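Only the coordinates and a few stated rules stand behind these numbers; no lab work does. What you are looking at is a predicted structure, and each value in this text was computed from that prediction instead of being measured. Cβ placement follows ideal geometry from the backbone for every residue including glycine, while neighbour counts extend to all protein chains displayed.
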Amino acid sequence: MVEHLISTSLSEVKLYFYRLYSLESTLDSFYMSYYLYYSTQEFMGIQLRKIRCLVTDLDGTLVRLPIDWDYVRAKIRNFLKTNHPLKPLLPSLNEVIQNEELMRTVLSMIEEEEVKAVEKIGKSPKLREILFKLKSRNMKLVLITQQSTRPAKIALSKLGILDLFDLIITRNIVREREEQLRKVIEIMGVSPSEVVFVGDAPWDYEAGTRLGCLTIMVGNRVPSAHIRLSSFLELEKLLDYIL
């Protein structure tokens, strides 16, 4: 007899069955075993919790911003007179810069390049359609990004989806990815098991899985990720399984 209830997401159980019956699924054998475990535990008294909030990254996830980050890093290295590789950029700046005024100057330099890039973005009717479907099912939508607030809002506006988001967390509010997710959980009043997080970078995957969110990766930067999509638009195939 189970001594206590283990809380997991109903979406995780649904995704196991998606893997079992769909040849199009990208889930690997480890992931299939993981969801098999949780689907069998359902019959032993586990309390299943439904996803209530979708959190997504911006650059590389919702859209690929045309920013030459190597150029930006070289520009900042020259300004700071450092040989630091500045990868990943924001965490590296925290190591290199101790002066807050200097940090604001460098972040303004980055924002300038971000604004130039987002001005080139066009509307994405398909992206709006997918997000609208989520909203129509009472899903809360949140953007977290290491871009600053101004280019982030311009990007969402250019894509035609700004009005669909309930909350936007940028580096102006919190810089570190895990802390951004923690802030979302706090503000939206949800538990990590009620959150699906879509990102593209290794630090996205680490933060999401460490907190216990259902974490989906776009692209192939995290080969070990249990769910990988070639683009955010593929999320449409999973809607019936994450809701």
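Can you name the residue in the stretch 210-243 that is of a type in the set (Ser, Thr, Tyr) and surrounded by fewer than 16 Cβ atoms within 10 Å (Cβ to Cβ) and, of all such residues, is nearest to LEU58 (Cα to Cα)? Full working, then the answer.
Just the residues of the stretch 210-243 that are of a type in the set (Ser, Thr, Tyr), to begin with: 215, 224, 230-231, 241.
Now restrict to residues that are surrounded by fewer than 16 Cβ atoms within 10 Å (Cβ to Cβ): 224, 230-231.
Working: SER224: 21, SER230: 15, SER231: 12 Å.
Ranking the qualifying residues of the stretch 210-243, first place goes to SER231.
Within the option set GLY208, GLY199, GLY219, being touching an Asp or Glu at 6+ places or on another chain (Cβ under 6 Å) and closer than 23 Å to ASN94 by Cβ holds for one residue only, GLY199.
Checking the structure you have, find out if any residue of the stretch 55-78 is under 25 Å from LEU181 (Cβ atoms) and surrounded by fewer than 15 Cβ atoms within 10 Å (Cβ to Cβ). No, every residue in the stretch 55-78 fails to be under 25 Å from LEU181 (Cβ atoms) and surrounded by fewer than 15 Cβ atoms within 10 Å (Cβ to Cβ). Of the residues examined, GLY212 is one that is on the phi > 0 side of the Ramachandran plot and out of contact with any Lys or Arg (no Cβ under 8 Å at 6 or more places or on another chain). Taken over the stretch 189-243, the criterion of being part of a loop (DSSP other than H, G, I, E, B) and within 17 Å of ARG52 (Cα to Cα) is satisfied by GLY189, VAL190, SER191, GLY212, CYS213, LEU243. Residues in the stretch 175-191 that are surrounded by 16 or more Cβ atoms within 10 Å (Cβ to Cβ) and among the hydrophobic types (A, V, I, L, M, F, W, C): LEU181, VAL184, ILE185, MET188, VAL190. Hey, which of the helices (runs of 4 or more DSSP H) in the stretch 85-144, taking only ones fully inside, have at least 2 residues that are among the hydrophobic types (A, V, I, L, M, F, W, C) and under 18 Å from the mean Cα position of the chain (by Cα)? Fully inside the stretch 85-144 and qualifying: 89-96, 125-136.
Residues in the stretch 149-163 that are without any contact (Cβ under 8 Å) to a residue 12 or more places away in the chain and of a type outside the set (Asp, Glu) were compared, and the one that is nearest to GLN180 (Cα to Cα) is LEU162.
Look through ILE144, ILE161 and report the one residue that is among the hydrophobic types (A, V, I, L, M, F, W, C) and under 25 Å from GLY212 (Cα atoms).
On the way: ILE161 fails: under 25 Å from GLY212 (Cα atoms).
The unique qualifying residue is ILE144.
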